[in-house]
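Take a look at the structure set out below.
The values are calculated or read from the model by the stated rules, or taken from the named source; none is laboratory data. Just so it is clear, the model here is predicted, and its values are computed rather than measured. Note that we place each Cβ from the backbone using ideal geometry, even for glycine, and neighbour counts take in every protein chain shown.
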Amino acid sequence: MDAGEILDRYRRGDRAFSGLRLIEVELLQADLSGADFSHSDLRQARLGRTHFRQSTFAQTDLSEALLWGADFTAAQCPQAQFRDADLSGSVFVRAQLSQANLIKAILCGVNFQDANLSEALLIDADFRPSSDQQTNLIGANLQRADLSYAHLNGAQLAQANLSEARLCRAQLGQSARPDAPRTDLSGANLQGADLSYADLTGAILCRANLQGADLTGAILAQADLTGATLPNGTLQP
């Protein structure tokens, strides 16, 4: 099936595109909201600025796809493969990405507001989302990921693996709103992470492992470090 057939079927009201082989398909600036691409093969697809609002990509392979500026608002993408994909400037507001594979993906300027990336693989990813996100990253693997200057105030990062991650000047605290949630890094693995000049104001770091982390210039005002392992290996009471 080619791009023309997909668009034609969509215009006729068809939304079922699961299990298809669509390698290198080009669907730029199209509107495919509500479509079901579950279990399809979309490797190396070119889908820039296409609308996939409330679409389904369960276990879909989008490895090496070009998805810059695409709109995945409220999309269902559990266990989807985005390895090495370019998602720059895309929108994943309220999207479901639990256990998704985003290894080495480019995620600059992505809007993950209220998205669920629990247990997602973000190893070596360029993960620098824009604005405060309140993203669910519980148990996610962000080992060696680049989060420099990332805005993640209010994010849920409990039990996340951030070992050797680059978090220089990242916003990981509590935003200025009086009702804003605190960033939760409880039990997170931050061994060897670069947290230089990061803002961790009010962050929850209970039982976090900060051994070998670089905290040069980091802001830790009102942060909760109860039971945390400090950079020098000592345990905070």
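Of all residues in the stretch 168-192, how many are more than 16 Å from ASP214 (Cβ to Cβ) and surrounded by 18 or more Cβ atoms within 10 Å (Cβ to Cβ)? If you could, list the steps in order and put the result at the bottom.
Step one: filter the stretch 168-192 for residues more than 16 Å from ASP214 (Cβ to Cβ), giving 171, 173-184, 186-187.
Next, only the ones that are surrounded by 18 or more Cβ atoms within 10 Å (Cβ to Cβ) stay: 171, 173-175, 182-184, 186-187.
Total meeting the criteria: 9.
Within the stretch 151-206, which residues are in a strand (DSSP E or B) and among the hydrophobic types (A, V, I, L, M, F, W, C)? ILE204 - this is the single residue of the stretch 151-206 that is in a strand (DSSP E or B) and among the hydrophobic types (A, V, I, L, M, F, W, C). For the stretch 207-237, taking the residues that are polar (S, T, N, Q) and in a loop (DSSP other than H, G, I, E, B), the one that is surrounded by the fewest Cβ atoms within 10 Å (Cβ to Cβ) is identified as ASN232.
Examine the stretch 199-220 for a residue that is farther than 26 Å from SER98 by Cβ, hydrophobic (A, V, I, L, M, F, W, C) and under 19 Å from the mean Cα position of the chain (by Cα), and state whether such a residue exists.
Filtering the stretch 199-220 down to residues farther than 26 Å from SER98 by Cβ leaves 199, 201-202, 210-220.
Now restrict to residues that are hydrophobic (A, V, I, L, M, F, W, C): 210, 213, 215, 218-220.
Checking which are under 19 Å from the mean Cα position of the chain (by Cα) leaves us with none.
No.
Criterion first (out of contact with any Lys or Arg (no Cβ under 6 Å at 6 or more places or on another chain) and in a loop (DSSP other than H, G, I, E, B)) does GLY109 satisfy it?
On the way: out of contact with any Lys or Arg (no Cβ under 6 Å at 6 or more places or on another chain): yes; in a loop (DSSP other than H, G, I, E, B): yes.
When the stated conditions are applied, GLY109 passes them.
In the stretch 26-44 there is no residue matching the filter, namely being buried (at least 19 other Cβ atoms within 10 Å of the Cβ) and either on the phi > 0 side of the Ramachandran plot or out of contact with any Ser or Thr (no Cβ under 7 Å at 6 or more places or on another chain) (or both). Taking (1) at pLDDT below 95; (2) out of contact with any Gly (no Cβ under 6 Å at 6 or more places or on another chain) in turn, LEU32 satisfies each apart from (1).
In the condition set (1) buried (at least 22 other Cβ atoms within 10 Å of the Cβ); (2) of a type outside the set (A, V, I, L, M, F, W, C); (3) at pLDDT below 95, GLN156 is compliant with all but (3). Here PHE52, PHE57 are screened, and the one residue that is among the aromatic types (Phe, Trp, Tyr), closer than 25 Å to ASN161 by Cβ, more than 10 Å from the chain's Cα centre (by Cα) and buried (at least 24 other Cβ atoms within 10 Å of the Cβ) is PHE57.
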